[in-house]
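K.L.:
Okay, here's the structure, questions in a sec.
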Amino acid sequence: MTVFQAIMIAILQGATELFPVSSLGHAVIVPALLGWVFDPQGEIFLPFLVMLHLGTAVALLYFFRSDWIAIFRGLSGRHGSQRQAESIHILALLVVATIPAVLIGGLLEHWLRALFGSARYASIFLVINGFLLLFADRLRGNRAIQLGRPIASLTYADALIIGLWQCLAFFPGISRSGATMVGGLFRKLNHEGAAHFSFLMAQPVIIGAAVREAAHMRHVTLAPGQMQLATVAAVVAAITALASTAFLMRYFRKHEQWALRPFGYYCIIAGAAAYIVLGH
């Protein structure tokens, strides 16, 4: 892998992990379109996956540091029992929302990626992802009920349902952030609240993925300079993820009525174009 390829993959990871356009789908499709010969699922790519995930996780932890500080300060009980109960509730919501990905991912992730991991399958699921985003936006817009409930008002059933939506991302081309946002919208969050909860959910998932991938590196022989290149890529991914998060949170706050539609149209067009090109 060249330096240029590593940096491009890092930018791709840092942006598409948070934009609702599927990082895994782009990681499969883009190298195939560019004719890059390395396997994103192969052992030699593991150091990059670990470092890219760590870079993205660090960026998210930094951006949402005030949330985590507030939660853990509330847990201490020094700010009153009500604040403590709310902090416990939010932390429990994140745990419950993560359980489906841990259980279902442990059972089906490798099978699904082996079955649907080709670039052509990823392009099909990217189109499906686009229609899912458009459907959620249209359904949200047609609802007569008032949306915009706070995250703390979610129930454990709400968190479990959003967590089940997240499991759709095991199909390459379905966005994790997009699926969880759709689940959040269906549970009456607005776009900003759905994105906020999705990004909080992402942090344990991304860190867990990095830890799991790091465990597989025990039997991998690193080429000279490979870890240094992966570290550079991690920094690039972190910077990209930080900028992406800042942009998206502001974007979702200001475009409540149609926030997911541009991403939906992009996924449909990009997925269809990739399918046609890869078919030749």
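K.L.:
When you go through (1) modelled with pLDDT of 90 or more; (2) of a type in the set (A, V, I, L, M, F, W, C); (3) open to solvent by 50 Å² or more (accessible area, probe 1.4 Å); (4) within 19 Å of Pro204 (Cα to Cα) one by one for Phe72, which number turns out not to apply?
P.N.:
Phe72 satisfies every listed condition except (1).
K.L.:
Go through segment 76-102 and give me each residue that's without any contact (Cβ under 8 Å) to a residue 40 or more places away in the chain, open to solvent by less than 60 Å² (accessible area, probe 1.4 Å) and closer than 27 Å to Ala210 by Cα.
P.N.:
Ser87, Leu91
Residue-wise test of (1) without any contact (Cβ under 8 Å) to a residue 60 or more places away in the chain; (2) over 22 Å from Ile151 (Cα atoms); (3) not polar (S, T, N, Q).
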{"position": "Pro172", "(1), (2), (3)": "no, yes, yes"}
{"position": "Gly178", "(1), (2), (3)": "no, no, yes"}
{"position": "Met181", "(1), (2), (3)": "no, no, yes"}
{"position": "Ser198", "(1), (2), (3)": "yes, no, no"}
{"position": "Gln228", "(1), (2), (3)": "yes, yes, no"}
{"position": "Ala233", "(1), (2), (3)": "no, yes, yes"}
{"position": "Ala238", "(1), (2), (3)": "no, yes, yes"}
{"position": "Arg253", "(1), (2), (3)": "no, no, yes"}
{"position": "Ile276", "(1), (2), (3)": "yes, yes, yes"}
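K.L.:
Right, next: Restricting the search to segment 258-280, which residues are open to solvent by 30 Å² or more (accessible area, probe 1.4 Å), of a type in the set (Phe, Trp, Tyr) and either closer than 11 Å to Leu33 by Cα or assigned to a helix (DSSP H, G or I) (or both)?
P.N.:
Of everything in segment 258-280, those that are open to solvent by 30 Å² or more (accessible area, probe 1.4 Å), of a type in the set (Phe, Trp, Tyr) and either closer than 11 Å to Leu33 by Cα or assigned to a helix (DSSP H, G or I) (or both) turn out to be Tyr265, Tyr266, Tyr275.
K.L.:
Would you be able to tell me the number of residues in segment 150-170 that are under 23 Å from Tyr266 (Cα atoms) and surrounded by fewer than 24 Cβ atoms within 10 Å (Cβ to Cβ)?
P.N.:
Within segment 150-170, residues that are under 23 Å from Tyr266 (Cα atoms) and surrounded by fewer than 24 Cβ atoms within 10 Å (Cβ to Cβ) number 3.
K.L.:
Any chance you could count how many residues in segment 176-203 are open to solvent by 10 Å² or more (accessible area, probe 1.4 Å) and among the polar types (S, T, N, Q)?
P.N.:
Matching residues across segment 176-203 total 1.
K.L.:
Taking segment 241-257 only, how many residues are open to solvent by less than 50 Å² (accessible area, probe 1.4 Å), closer than 19 Å to Leu60 by Cβ and out of contact with any Gly (no Cβ under 8 Å at 6 or more places or on another chain)?
P.N.:
6
K.L.:
Quick one: would you say Ala209 is of a type in the set (Gly, Ala, Ser), at pLDDT 95 or above and out of contact with any Cys (no Cβ under 7 Å at 6 or more places or on another chain)?
P.N.:
It is false that Ala209 is of a type in the set (Gly, Ala, Ser), at pLDDT 95 or above and out of contact with any Cys (no Cβ under 7 Å at 6 or more places or on another chain).
The values are calculated or read from the model by the stated rules, or taken from the named source; none is laboratory data. Note that this is a predicted model, so its numbers are computed, not measured. Note that each Cβ is placed from the backbone with ideal geometry, even for glycine, and that neighbours are counted across all protein chains shown. Note: areas computed on protein heavy atoms with side chains; ligands, DNA, RNA excluded. Shrake-Rupley method; radii C 1.70, N 1.55, O 1.52, S 1.80 Å.
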